[in-house]
């Protein structure tokens, strides 16, 4: 990590604040050892007990990427939990992503629910975010994914959402490099100012649903099983290639044509953010690579010139604008999400309250 994170600090030994945060977090949530496996065994026991009499034990998101694919494989082969996989087709799926998802559910014999977003609405919202010139261009996809997953879990009475997020590869992510996808007020204001058609069918969540209703009233629990095992992404990739006929995208986030462009070009070019720095830093702290190896990796190009041009043409065509107009839009001055209406204050206050007071009991008192 370096000063491309404007909020980074270093101690007298040159160690960044991200190391302290990583170490503090892993003390209570990361157990890649025997203790973790025992905790996971107990969690699965509780999940199956709660799931008795229902069609499914857990819900997972299945993008076709490494983490979610390996999670599905691990859960099914080690614990035989009854999984409902949710895949959201937001119009940006690569052909390989579709192939991988189909192979996974067929090989593992698990049920799949696919939510297909109304493309006209998605197209308008994605273009609105580009015109807003804010940092998190993945919100149109991420927001609808979580909203659809929450609604599907409730429809089937599922109380556990098992996510593929893990400390080994994602333990570090500077807050200055993203903005929360659940902020519905921010989404609506960006679309109001830059969109052209109503979002009549686009599923939404927000502060009330995301932070209060689903976790504390409905009782949906979010757990991250990959934090309870020794998770090595390269080894996981080898396993799903062999066992699930999974095909490699050749780069991070290749399952989404837009996310690939956003992380490999938009962020580094427009905001000077190379997310590989956070990803590789996480792997260094997790003992999966060395600083020296990471410094070599970070020098590799994010895009081959011909592939970049092809992707720009593809995205412009999907958004029904010319390449020149697309380039003109993303060349406008950067803006902050906070320049638009937002719920950041509510999230910040609630997060601090939960951290200081223990969570559920506090929420119950507030709701009274």
Q: Can you tell me how much longer the chain between residue 12 and residue 27 gets when fully stretched, taken as 0.36 nm per residue apart minus their C-alpha distance, in nm with one decimal?
A: 3.1 nm
Q: Among DSSP beta bridges lying fully in the chain, give the percent that are antiparallel, nearest 5.
A: 10 percent
Q: Tell me the label-point distance for the pair residue 107, residue 290, using the 7 Å Cα-to-Cβ offset, in nm and rounded to one decimal.
A: 3.3 nm
Q | Where the Cα pairs of the stretch 50-144 fall when distances are cut into 10 Å bins, in % | A | 14, 41, 28, 14, 3
Q: Identify which of 137, 309, 123 has the largest mean-square fluctuation in a Gaussian network model of the chain, with springs joining Cα atoms closer than 10 Å.
A: 309
Q: Take the Cβ-Cβ distance between residue 176 and residue 234 as r, set R0 to 35 Å, and report the resulting FRET efficiency rounded to the nearest 0.05.
A: 0.75
**Q.** Over the stretch 98-237 - Rg/Rh using Cα atoms and the Kirkwood inverse-distance radius
**A.** 0.98
Q) To the nearest 0.05, how large is the calculated FRET efficiency for residue 96 and residue 119 if R₀ is 25 Å and r is the Cβ-Cβ distance? A) 0.80
Q | Estimated FRET transfer efficiency when R0 is 41 angstrom, pair residue 309-residue 77 (beta carbons, to 0.05) | A | 0.50
Q: State the Cα centre-to-centre distance between the stretch 129-205 and the stretch 252-307 in whole Å.
A: 21 Å
**Q.** Enclosed volume per residue, in Å³, of the convex hull spanned by Cα atoms of the stretch 153-194
**A.** 135 Å³
**Q.** Spin-label model distance (nm) - residue 339 vs residue 2, 7 Å beyond Cα toward Cβ
**A.** 2.6 nm
Q | Largest to smallest principal axis extent of the C-alpha atoms in the chain, angstrom | A | 57, 50, 46
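Just so you know, all these numbers are worked out from the coordinates, no wet-lab data involved. On a predicted model such as this, the values are computed, not experimentally measured, just so you know. Using ideal geometry, Cβ is built from the backbone for each residue, glycine included, and neighbour counts are taken over all protein chains shown.
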